[in-house]
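Here, each number is a calculation from the coordinates, and none is a lab measurement. As the structure is a computational prediction, the values presented were derived from the model and not from experiment. Quick reminder, even Gly has a Cβ in these numbers, built from the backbone with ideal geometry, and neighbours come from all protein chains shown.
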Amino acid sequence: MRNKLLLSFLLMFLFTSCAKIQDPQFRRIDHFRLKNFGLQDAVIGFDVTYFNPNNFGVNVKAAEADIYIDSVYLGKFEQDSTVDVPKDAEFSLPLSGTVSLQTALKLNLRNVDRRDIFLKANGNVKIGKAGIYLTRPFRYEGYHRLQDINIFKK
């Protein structure tokens, strides 16, 4: 009987604490870098910065996303390394992917410095704490100006 009561309280605590979890808030894309350049393709990387509004930290073990720019599929981008997410703070996920030069030629680069670019990402993220990880899907769509993306900062 005592074990059932303890289990009931534990389950109630888990359900009530889980209800208050907020999704991270997108902040910016920055630190674009060319990691490798070949005749057929290029490996590029960038950081996606979020804010964790929760009062606890987690680890992001893996993330992958299909990335589109102006509806052109660039490819699958994956997280480079495990990231510790502090509570109530910003954190960045480093992503890398291979883009074929044939795909890059499909991009509309006309007036790219003066117009909005439509960015879309669909993927999964593996998050957890204390060795327990969950995979959650995510979707992002938004318009960005090239001048707002920090390309040359390290």
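Points worth noting:
- Only strands (runs of 3 or more DSSP E) whose full extent lies in region 42-124 are considered here, and the ones with at least 2 residues that are hydroxyl-bearing (Ser, Thr, Tyr) are 89-100.
Each row is one residue, and each column tells you yes or no for (1) in contact with a Phe, Trp or Tyr (Cβ under 8 Å, 6 or more places away or on another chain); (2) farther than 30 Å from Gln40 by Cα.
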residue	(1), (2)
Val58	no, yes
Val72	no, no
Gly75	no, no
Val112	no, no
Asn122	yes, no
Gly131	no, yes
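- Note on region 44-70: residues that are touching a residue at least 60 places away in the same chain (Cβ under 8 Å) and in contact with a Pro (Cβ under 8 Å, 6 or more places away or on another chain) total 1.
- Looking across region 50-82, the residues that are over 20 Å from Lys129 (Cα atoms) and under 14 Å from the mean Cα position of the chain (by Cα) come down to Ala65, Asp66, Ile67, Tyr68, Lys76, Phe77, Glu78.
- Scanning region 29-41 for residues that are in contact (Cβ under 8 Å) with a residue 40 or more places away in the chain and either hydrophobic (A, V, I, L, M, F, W, C) or in a strand (DSSP E or B) (or both) yields a total of 7.
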